[in-house]
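Have a look at the structure below, then the notes.
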Amino acid sequence: MKYAIIIPDGAADEPQDGLGGRTPLQAAKLPHMDAVAAAGVVARANNTPADLPAGSDVANLSLLGYDPHRYYTGRAPLEAAAQGLQLGPNDWAIRCNLVTVEDQVMKSYTAGQISTEEAAELLRTAQQSLGGPRWQFYPGVSYRNLLIHRSAGGPAPFSRDTHTTPPHDLTDKSVLDDYPRGPGSDLLVELMNASEGLFADHPVNTARMAAGKPPATHVWLWGLGSTPQLAPFRERFGVCGAMITAVDLLRGLAALLGWKRIEVPGATGYTDTDYAAKGRYAVEALNEFDLVCVHVEAPDEASHEGDAEAKVKALEEIDAKIVAPVWKALRGFGQYRLLISPDHPTPLRTKTHSYGDVPAAIAGSDIRPDGSATYDEASAARSSLVFAEGWKLMEHFVGRAPLK
């Protein structure tokens with residue numbers, strides 16, 4: 001049996017006036033996703049428990065079959081795993097975004113999609129001036145970076161009661177009430193405030209402003225936690241997996257699950273990603289692995305920017321260049337199952353991740369169609385197949401439990 005999972009991150013949404021009262025999934029031309037729905041079943045799943053953050057960390061952990069109430073410790077530890085960073089028992093990883101804040105308003109949670117090279121220069125400066133044995137800054141990709149707090153054998157200053165706010169939740173909003181709170185938060189706020197003066201006249205920002213680009217004014221610290229202890233996916237589900245993604249969060253999750261991470265040239269984690277390359281690499285990977293997961297960040301990024309047209313286009317690209325070739329390849333193996341599901345909703349209206357159900361389409365050589373005609377939120381809402389705890393869907397998808 002071959003398996004594939006395609007995750008159009010943040011695809012689920014609300015009806016949009018600008019799309020004629022349709023959601024992006026309904027407005028987009030998705031002949032292949034619709035065909036998958038018609039060939040199989042459409043369920044609805046809730047991957048974001050109300051008492052946990054409605055983020056990609058919780059939602060993808062759940063989507064891939066792990067109860068977030070049991071396993072979730074924070075977003076940054078997953079990204080640390082992606083970089084191969086080892087955390088001691090009392091060490092904590094912290095997301096370290098480069099952002100643009102002006103007059104206490106979050107103007108850009110990506111510092112204008114700052115380049116990886118520019119970000120690395122800023123992080124080197126931060127390490128020299130603000131870092132040390134306890135604080136270690138690690139460059140990542142573009143605005144997505146990490147800060148590690150080393151405990152040196154002592155207790156960590158943070159706990160599950162340390163609260164932070166994702167910067168993408170604050171787009172065009174005041175940040176005054178959303179600095180870190182709780183145990184150890186004073187240390188984080190001190191670093192965030194210090195970065196403002198450090199970056200103000202930095203050569204990277206001087207060059208960016210001269211080119212008409214927004215400067216990276218601060219580091220924004222959030223999503224902290226210690227490393228989760230995850231049982232390997234193969235041990236839990238009997239399937240050997242591989243991950244295709246441009247996002248460190250998913251790379252790290254794959255590493256912790258024991259999956260092979262496949263890097264695709266041209267995969268950016270943004271709307272300009274090379275969708276066709278992701279499709280080609282996924283098809284090739286099916287020859288080697290039992291399960292291939294393709295994660296695409298583009299719909300989520302479009303929602304964070306409130307760009308309905310870009311979200312529709314991203315979904316159409318996923319349909320034509322990833323779903324179509326992967327489904328064709330799967331059918332060539334004879335026995336197969338295909339799952340298409342976002343991790344969480346990301347409404348264009350709010351520009352941020354949300355709680356709630358997402359549509360999950362499952363087709364396969366052994367799955368009887370349930371009469372669905374389209375892949376969208378409305379089709380899922382009519383379904384009698386409901387996973388109120390989204391993490392339970394995986395055991396049904398891999399055939400450990402019946403789909404009914």
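Listed values, structure above:
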item	result
Which listed residue, of ALA81, ALA45, ALA39, is within 27 Å of ALA320 (Cα to Cα) and under 21 Å from the mean Cα position of the chain (by Cα)	ALA45
Some residue of the range 363-379 being more than 20 Å from GLU301 (Cα to Cα), free of Cβ contacts under 8 Å to residues at least 24 places away in the same chain and touching an Asp or Glu at 6+ places or on another chain (Cβ under 6 Å)	no
Subset tally (residues that are assigned to a loop (DSSP other than H, G, I, E, B) and either surrounded by 24 or more Cβ atoms within 10 Å (Cβ to Cβ) or hydrophobic (A, V, I, L, M, F, W, C) (or both)) for the range 343-371	7
Some residue of the range 188-200 being farther than 15 Å from LEU98 by Cα and in contact with a helix residue (DSSP H, G or I) (Cβ under 8 Å, 6 or more places away or on another chain)	no
The range 156-170, residues that are outside any loop (DSSP other than H, G, I, E, B) and crowded, with 19+ Cβ neighbours inside 10 Å	PRO167, HIS168, ASP169
Failed item in (1) in contact with a His (Cβ under 7 Å, 6 or more places away or on another chain); (2) of a type in the set (Ser, Thr, Tyr); (3) open to solvent by 20 Å² or more (accessible area, probe 1.4 Å); (4) at pLDDT 95 or above, with THR245 passing the rest	(3)
Lone unmet requirement of (1) buried (at least 24 other Cβ atoms within 10 Å of the Cβ); (2) of a type outside the set (A, V, I, L, M); (3) at pLDDT below 90 for PRO89	(1)
Test set (1) touching a strand residue (DSSP E or B) at 6+ places or on another chain (Cβ under 8 Å); (2) open to solvent by less than 40 Å² (accessible area, probe 1.4 Å); (3) more than 15 Å from GLN83 (Cβ to Cβ) - ARG124 fails condition number	(2)
Residue list for the range 263-288, filter: free of Cβ contacts under 8 Å to residues at least 24 places away in the same chain, within 27 Å of LEU230 (Cβ to Cβ) and open to solvent by less than 50 Å² (accessible area, probe 1.4 Å)	VAL264, ALA267
Candidates ARG337, ARG280, ARG261 - the one that is basic (Lys, Arg), part of a helix (DSSP H, G or I) and out of contact with any His (no Cβ under 7 Å at 6 or more places or on another chain)	ARG280
In the range 186-217, the residues that are in contact with a Gly (Cβ under 9 Å, 6 or more places away or on another chain) and assigned to a helix (DSSP H, G or I)	ARG208
Counted residues, the range 248-260 - those being closer than 22 Å to GLU301 by Cα and open to solvent by 10 Å² or more (accessible area, probe 1.4 Å)	2
Identity of the residue in the range 372-404, part of a loop (DSSP other than H, G, I, E, B) and β-branched (Val, Ile, Thr), that ends up nearest to PRO49 (Cα to Cα)	VAL398
Hits in the range 93-110 (condition: hydrophobic (A, V, I, L, M, F, W, C) and over 20 Å from the mean Cα position of the chain (by Cα))	VAL101, VAL105, MET106
Residue selected from the range 289-327 under the condition in a loop (DSSP other than H, G, I, E, B) and more than 28 Å from LEU170 (Cβ to Cβ), by the criterion most open to solvent (accessible area, probe 1.4 Å)	ASP290
Residue satisfying all of: in the range 225-238; open to solvent by less than 20 Å² (accessible area, probe 1.4 Å) and modelled with pLDDT of 95 or more; nearest to the chain's Cα centre (by Cα) among these	PHE233
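The values are calculated or read from the model by the stated rules, or taken from the named source; none is laboratory data. This structure is a prediction, so every number in the text was calculated from the model and none was measured. Note that we place each Cβ from the backbone using ideal geometry, even for glycine, and neighbour counts take in every protein chain shown. Side chains are part of the model used for accessible areas, which takes the heavy atoms of the whole protein and leaves out ligands, DNA and RNA. Shrake-Rupley method; radii C 1.70, N 1.55, O 1.52, S 1.80 Å.
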